[in-house]
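The values are calculated or read from the model by the stated rules, or taken from the named source; none is laboratory data. Just so it is clear, the model here is predicted, and its values are computed rather than measured. When we count neighbours, we look across all protein chains shown, and the Cβ atoms used for this are built from the backbone with ideal geometry, even at glycine. Side chains included, ligands, DNA and RNA excluded: accessible areas come from the protein's heavy atoms. Shrake-Rupley method; radii C 1.70, N 1.55, O 1.52, S 1.80 Å.
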Amino acid sequence: QVQLVESGGGLVQTGGSLRLSCAASGRTFTMDAMGWFRQAPGKEREFVAAIRLSAGNTRYADSVKGRFTISRDNAKNTVYLQMNSLKAEDTAVYYCAGAQDLGNLWAGLISYWGQGTQVTVSS
């Protein structure tokens, strides 16, 4: 099993920045992709960003391209999501996800989920 623990959420004003972290532990060798999804109140969970752990390939939702950056530190088994130019519509619970590969994660075939961290952007 793999455990994913998120941190870094909080309250920020429109235009501000936050950095989320997701630390993985356990059988991390079973994953080659990690990423972030988010769920706003009354909406379905949606893909935000993903990274291939072995090669560093990244994918982003159109809504966050140019504003969010996903990165990883394989030595620490940690993935980061740097969020800049935050908007009110970015308000959601952000979930870290792990999958066997990038294609699976992109398709929503998630092996592991974190508990979620709240991001609130106030105008």
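Of note:
- Stokes-Einstein diffusion for region 1-68, with the hydrodynamic radius set to the Kirkwood value over Cα pairs and evaluated at 37 °C in a medium of 0.692 mPa s, equals 238 µm²/s.
- As a ratio to 2.2 N^0.38 Å, the alpha-carbon radius of gyration computed for region 75-122 takes the value 1.33.
- Accessible surface for the chain, divided over its residues, is 50 Å² per residue with a 1.4 Å probe.
- Using only the C-alpha atoms, the convex hull of the chain corresponds to 90 Å³ per residue.
- Calculated [222 nm] ellipticity per residue, helices only, for the chain: -1000 deg cm²/dmol; basis is -39500 (n - 2.57) per DSSP H run with n ≥ 4, divided by all residues, nearest 500.
- What the phi angles of region 108-113 give under the Karplus curve with 6.51, -1.76 and 1.60, with θ = phi - 60°, is a coupling list of x, 8, 9, 8, 9, 10 Hz, glycine and proline written as x.
- Percent carbon-and-sulfur accessible area, the chain, ignoring ligands, DNA and RNA, probe 1.4 Å: 46
- Along the axis of the charge dipole computed for the chain (Cβ charges of +1 for Lys and Arg, -1 for Asp and Glu, origin at the Cα centre), the listed residues 22, 92, 118 are led at the positive end by 22.
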